[in-house]
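Accompanying notes for the structure given below.
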């Protein structure tokens with residue numbers, strides 16, 4: 001049964017779009033969430049302002065001509081200052097040009113629907129960029145586009161959507177594309193609007209060791225509060241490794257976590273701030289929570305059939321035995337296929353560690 | 001830029017009076033024993049710790065038969081893929097060793113394949129192989145112990161000395177044939193454990209708690225200590241200096257006399273050992289029991305008796321606990337690998353053999369040659385029994401064959417050589433620990449493990465050579481591989497233009513606008529961040545070795561420091577540059 005606000009292709013609900021269309025319509029990040037919903041993974045409620053909405057606004061506001069003119073003549077070897085100037089000009093223009101009333105009403109209506117699904121007026125939302133191809137292949141655009149956590153009320157959500165569109169022209173995204181020989185139209189920007197889970201703790205989980213490429217373990221990194229401080233590398237998180245074969249916790253390294261991403265009620269958003277002293281060196285996750293996170297990341301890996309990393313949130317209202325909430329999943333950027341020997345081979349070890357042959 | 005420590009002070013063909021190293025006479029396998037030449041500066045030489053007093057002319061036999069024959073032979077036979085064993089140069093009476101490299105990549109590959117075939121069967125059959133070798137060494141030992149030197153003619157003594165040297169040479173062939181493969185296996189296991197994230201301080205414990213011949217000796221010394229106490233000899237021991245103890249005990253008579261009989265029985269079994277390795281100039285405990293009596297004297301000063309059974313049980317308990325703790329941090333696949341390596345290292349246990357072989361080889365194998373030299377000294381009427389140790393091998397061969405008289409000229413030569421020995425003994429403390437060109441890494445197992453020439457040591461001597469200091473930081477290994485270069489400490493992205501290709505980026509953390517810098521840096525070190533921080537992700541993508549969460553990198557490291565980043569282990573080695581802001 002079609003939902004009122006999905007009568008147009010400008011909006012796609014995470015729980016109401018076919019897997020085979022999800023990434024094309026919703027971009028990589030949000031498209032994957034829709035796929036995971038179909039696979040039965042526990043997710044926050046939310047919808048995507050689709051690629052089609054982006055194009056509709058782009059045409060209506062005349063931004064295509066403006067962007068083409070600003071980028072004209074820029075090649076892979078362009079001066080950083082020129083790239084920066086062109087990118088800033090486009091972002092400013094995106095900020096200046098209003099959204100059509102129709103499109104604004106569609107997005108606003110979807111947000112109202114999200115509020116009612118969450119039983120909360122002006123529910124704080126995470127507004128996330130979700131460009132086409134942003135984490136495909138080897139060139140990771142991880143962290144290169146904007147996300148806004150804790151946007152409350154339709155006005156702030158609309159502004160955040162436009163800011164995400166504008167972030168398609170962050171200088172480093174522009175120079176990345178120039179070097180990769182890509183045009184911005186190759187990676188139009190969808191935007192996710194997702195219920196902000198009230199995080200007790202958050203983090204990332206890999207179904208493969210991200211550094212050594214070992215496929216025999218799950219690696220979790222975690223901090224109190226929301227995951228931004230971890231993802232941005234602002235904090236040294238607790239580090240946990242779990243053996244895949246038997247689910248045993250191999251190591252838990254408690255870090256001194258000096259920064260936390262916390263909800264600032266006055267500012268109405270998640271901000272990075274100093275960690276309360278009593279939490280700095282306190283272990284974040286207990287064994288049961290670790291098992292829940294491990295189960296979740298392995299379910300995602302099984303679904304895709306290749307190593308993944310996920311961002312997860314531990315809802316402060318979660319009870320023991322309940323699943324963890326996944327807010328993002330993607331293929332692991334670099335996996336060095338490493339064949340780990342399981343039989344002791346003295347000559348091979350000596351060659352590797354001593355003789356370097 | 002490689003650090004070079006000049007060899008000039010040692011370049012000389014002048015040596016022990018009346019002898020030039022160019023008279024090289026003993027066979028060598030790849031490279032002979034020599035004094036330094038200028039071109040030796042291109043190689044890396046370390047001062048050998050085995051002979052802190054220096055070597056007498058006859059002591060040179062060890063260099064010839066040990067390093068320049070046996071280690072080179074073993075490295076060729078095993079083979080050691082990238083090395084041909086150890087050679088040495090002489091700085092006065094002191095020995096500097098150096099690895100002999102194989103440089104041809106094709107040859108290294110072929111040698112590596114040969115090693116793949118030779119190493120596993122050696123390790124699997126180690127017990128039998130070492131058992132046979134030990135038996136061979138012991139059989140000859142019994143022969144030499146049974147020789148009555150007083151009954152031999154000078155010519156027979158000469159023949160006996162030649163046989164004793166052949167025995168010595170063969171024992172060191174065995175020594176290096178065993179040591180190289182055992183060490184290769186041990187260092188491989190140790191390194192694998194380190195890469196598996198195990199605490200290096202625990203790895204040695206996995207192989208402890210196995211009895212050796214040296215421990216057997218210690219046990220007997222404690223038994224003798226108990227007997228001395230029971231006989232009421234505490235005061236006699238306390239009152240005399242170790243060197244005077246034997247005469248003091250004899251003079252005491254009674255229970256002391258009985259105790260001395262027991263002590264002499266002990267010496268007949270365990271006293272054929274010297275207080276240092278591989279040196280003909282050193283007496284055995286039988287010749288001079290001062291070290292053994294001194295040990296018993298010091299044991300008597302303790303209130304408690306060392307309980308060997310308890311200590312051994314504690315060592316075993318500690319071993320098993322260390323293994324359990326290590327295994328608990330490993331995945332099932334890793335446990336299988338670890339168990340295999342541990343079983344192999346236990347079956348062919350280097351730390352155990354290191355103690356055991358010293359008893360059979362290093363501490364006593366020079367003695368038959370020493371006895372023959374001393375007997376020859378008596379026979380030719382030398383002023384002191386040790387004087388023949390100041391002759392070179394060709395000289396003692398001539399003298400004992402009657403081809404050359406042991407005349408006033410030779411006696412004076414011996415005196416001059418003793419002075420030469422003393423002169424270099426005094427110089428020992430000020431000798432450079434290493435000379436020549438300091439390499440990036442050393443890949444001879446003996447030099448790595450026995451001499452400790454690991455990368456940390458090499459960076460430290462480099463630092464000493466350039467009058468700087470070395471510091472180590474550890475953090476989260478975020479992107480594997482190693483990289484080295486001058487440090488560039490950046491506090492914000494505005495400074496990114498200061499990075500030159502090959503620099504090591506040092507910062508608190510990076511954000512996406514730092515990404516382009518990763519295309520040109522050699523490595524990256526961050527104060528904070530985990531394995532999913534921006535620097536970690538981009539480091540992996542650009543294959544730039546990266547270590548995060550070092551805590552203090554931006555404080556400890558200054559611009560221009562020479563920094564080596566190991567993104568596989570999380571170790572950052574910093575050579576402080578004394579010239580501020582210099583480009584290293």
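Where in segment B:414-529 are there strands (runs of 3 or more DSSP E), lying wholly inside it, with at least 3 residues that are in contact with a strand residue (DSSP E or B) (Cβ under 9 Å, 6 or more places away or on another chain), over 30 Å from residue B:383 (Cβ atoms) and within 12 Å of chain A (Cβ to nearest Cβ)?
Answer list for segment B:414-529: B:476-479.
Output the number of residues of segment B:322-341 satisfying the condition of being touching a helix residue (DSSP H, G or I) at 6+ places or on another chain (Cβ under 6 Å) and closer than 14 Å to residue B:207 by Cα.
Qualifying residue count for the region: 3.
Which of the following residues is within 26 Å of residue A:32 (Cβ to Cβ) and free of Cβ contacts under 8 Å to residues at least 24 places away in the same chain: A:177, A:117?
A:177
Residues of segment B:550-564 being under 24 Å from residue A:209 (Cα atoms) and within 13 Å of chain A (Cβ to nearest Cβ), which ones?
B:550, B:551
Regarding segment A:322-341, can at least one residue be identified that is more than 14 Å from chain B (Cβ to nearest Cβ), in contact with a helix residue (DSSP H, G or I) (Cβ under 7 Å, 6 or more places away or on another chain) and over 20 Å from residue B:532 (Cβ atoms)?
The answer is yes; a qualifying residue exists.
Kindly evaluate residue A:288 against the criterion of being crowded, with 19+ Cβ neighbours inside 10 Å and in a helix (DSSP H, G or I).
When the stated conditions are applied, residue A:288 does not pass them.
Among the residues of segment B:181-198, write down those that are surrounded by 21 or more Cβ atoms within 10 Å (Cβ to Cβ) and free of Cβ contacts under 8 Å to residues at least 60 places away in the same chain.
Once the filter is applied, which keeps residues that are surrounded by 21 or more Cβ atoms within 10 Å (Cβ to Cβ) and free of Cβ contacts under 8 Å to residues at least 60 places away in the same chain, segment B:181-198 yields only B:190.
Just to check your reading of the model, which residue among B:505, B:552, B:532, B:496 is at pLDDT 85 or above and on the phi < 0 side of the Ramachandran plot?
Only one candidate qualifies: B:505.
Within segment B:130-142, can one find any residue that is surrounded by fewer than 17 Cβ atoms within 10 Å (Cβ to Cβ), closer than 20 Å to residue B:274 by Cβ and out of contact with any strand residue (DSSP E or B) (no Cβ under 7 Å at 6 or more places or on another chain)?
Looking through segment B:130-142, at least one residue is surrounded by fewer than 17 Cβ atoms within 10 Å (Cβ to Cβ), closer than 20 Å to residue B:274 by Cβ and out of contact with any strand residue (DSSP E or B) (no Cβ under 7 Å at 6 or more places or on another chain).
Pull up segment A:194-222, narrow it to residues that are more than 7 Å from every other protein chain (Cβ to nearest Cβ) and in contact with a helix residue (DSSP H, G or I) (Cβ under 6 Å, 6 or more places away or on another chain), then point me to the one that is surrounded by the fewest Cβ atoms within 10 Å (Cβ to Cβ).
By that ranking, first place goes to A:195.
Taking segment A:162-171, which residues are within 12 Å of chain B (Cβ to nearest Cβ) and within 12 Å of residue A:146 (Cβ to Cβ)?
Listed by number, the residues that qualify are A:167, A:170.
If we scan segment B:317-328, do we find a residue that is in contact with a strand residue (DSSP E or B) (Cβ under 9 Å, 6 or more places away or on another chain) and modelled with pLDDT of 90 or more?
Yes - at least one qualifying residue is present in segment B:317-328.
Considering each of A:54, A:47 in turn, give the residue that is surrounded by 13 or more Cβ atoms within 10 Å (Cβ to Cβ), touching a strand residue (DSSP E or B) at 6+ places or on another chain (Cβ under 8 Å) and farther than 30 Å from residue A:315 by Cβ.
Residue meeting the stated conditions: A:54.
Residues in segment A:266-283: is at least one within 14 Å of another protein chain (Cβ to nearest Cβ), out of contact with any helix residue (DSSP H, G or I) (no Cβ under 8 Å at 6 or more places or on another chain) and touching a residue at least 40 places away in the same chain (Cβ under 8 Å)?
yes
Please determine whether any residue of segment B:192-215 is in a helix (DSSP H, G or I), under 26 Å from residue B:76 (Cβ atoms) and under 20 Å from the mean Cα position of the chain (by Cα).
no
Might you check whether a residue that is under 16 Å from residue B:459 (Cβ atoms), surrounded by 18 or more Cβ atoms within 10 Å (Cβ to Cβ) and more than 14 Å from chain A (Cβ to nearest Cβ) occurs anywhere in segment B:531-549?
No, because not a single residue in segment B:531-549 is under 16 Å from residue B:459 (Cβ atoms), surrounded by 18 or more Cβ atoms within 10 Å (Cβ to Cβ) and more than 14 Å from chain A (Cβ to nearest Cβ).
Within segment A:223-235, can you find the residues that are facing another protein chain (nearest Cβ under 9 Å) and under 16 Å from the mean Cα position of the chain (by Cα)?
A:230, A:231, A:232, A:233, listed by residue number.
Is it true that some residue in segment A:179-188 is modelled with pLDDT under 95, surrounded by fewer than 21 Cβ atoms within 10 Å (Cβ to Cβ), within 11 Å of chain B (Cβ to nearest Cβ) and more than 30 Å from residue A:249 (Cα to Cα)?
Yes; the residues of segment A:179-188 include at least one that is modelled with pLDDT under 95, surrounded by fewer than 21 Cβ atoms within 10 Å (Cβ to Cβ), within 11 Å of chain B (Cβ to nearest Cβ) and more than 30 Å from residue A:249 (Cα to Cα).
The values are calculated or read from the model by the stated rules, or taken from the named source; none is laboratory data. On a predicted model such as this, the values are computed, not experimentally measured, just so you know. All Cβ positions, glycine included, derive from the backbone under ideal geometry; neighbour counts span all protein chains shown.
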